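Just below is one structure, and these are the notes that go with it.
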Amino acid sequence: MLRQRNFVPECGLTGTLTWTNTRTAARVGSIGFESQLDRESGRVRLHYTTTRQSGDTHQSDYWIQLETTPQPLGGRRWWFLCPKLGIRAATLYLPPGALLFASRKAHRLGYRSQRETPQDRALSRAFKLRHRIGADGGIGDPIAKPKGMRWVTFDREMDRICGAEAICDANLAAFARKLGLRV
């Protein structure tokens with residue numbers, strides 16, 4: 001909201017942010033806001049309605065505090081203060097079922113990589129390493145040395161890829177044994 005100039009220091013602004021479905025052009029959500037900022041702090045008021053899966057609606061209308069920190073090369077960085085925890089946050093979230101915008105920590109939101117199983121992480125690493133040297137095939141497919149890459153570098157990258165793929169192979173073998181298959 002700050003980057004889009006919805007909040008301007010020493011200027012009170014009001015407005016509405018609207019989200020539309022790009023296919024149907026139907027309005028899917030909107031949030032009204034009002035800002036009151038000085039040079040180093042401020043607050044923003046949000047008002048919106050959320051609808052739960054049961055069909056119940058909830059009206060929300062509250063203020064969120066803002067503060068700044070000085071930057072090494074001048075200027076100031078603006079932060080939201082999480083309404084639940086009071087900590088600085090660059091972004092506030094409203095996940096499904098929540099009634100209040102708050103920080104990731106307050107809503108206990110994790111990153112996708114934090115929810116990956118060790119097997120998924122091993123697969124992601126293997127494909128990431130393959131992609132780094134330009135290979136498009138699957139695990140175990142041959143990889144041609146990219147033009148211009150030194151053999152020493154290629155051998156080092158191939159050792160990393162082989163190590164990551166060995167972990168994937170071991171995970172696959174363990175899964176096959178769980179199913180009662182002979183490996």
First in the range 128-144 and closer than 15 Å to ARG156 by Cα, second anywhere and open to solvent by 80 Å² or more (accessible area, probe 1.4 Å), Cβ under 6 Å, 6 or more apart: LEU129/ARG160
Kindly indicate whether any position in the range 164-176 is surrounded by fewer than 10 Cβ atoms within 10 Å (Cβ to Cβ) and closer than 19 Å to LEU123 by Cα. no
Is there a residue being aliphatic (A, V, I, L, M), surrounded by 10 or more Cβ atoms within 10 Å (Cβ to Cβ) and assigned to a loop (DSSP other than H, G, I, E, B) anywhere in the range 149-163? yes
Hand me the list of strands (runs of 3 or more DSSP E) wholly inside the range 10-125 holding 2 or more residues that are charged (D, E, K, R), free of Cβ contacts under 8 Å to residues at least 60 places away in the same chain and open to solvent by 60 Å² or more (accessible area, probe 1.4 Å). 41-51, 76-81
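Answer with yes or no whether GLY137 is of a type in the set (Gly, Ala, Ser) and more than 30 Å from ILE87 (Cα to Cα).
Yes: the conditions hold for GLY137.
The values are calculated or read from the model by the stated rules, or taken from the named source; none is laboratory data. Remember, predicted model here, so these are calculated numbers, not experimental data. Here the Cβ is made from the backbone with ideal geometry for all residues, glycine too, and neighbour counts use every protein chain on show. Calculation scope for accessible area: heavy atoms of the full protein, side chains included, ligands and nucleic acids excluded. Shrake-Rupley method; radii C 1.70, N 1.55, O 1.52, S 1.80 Å.
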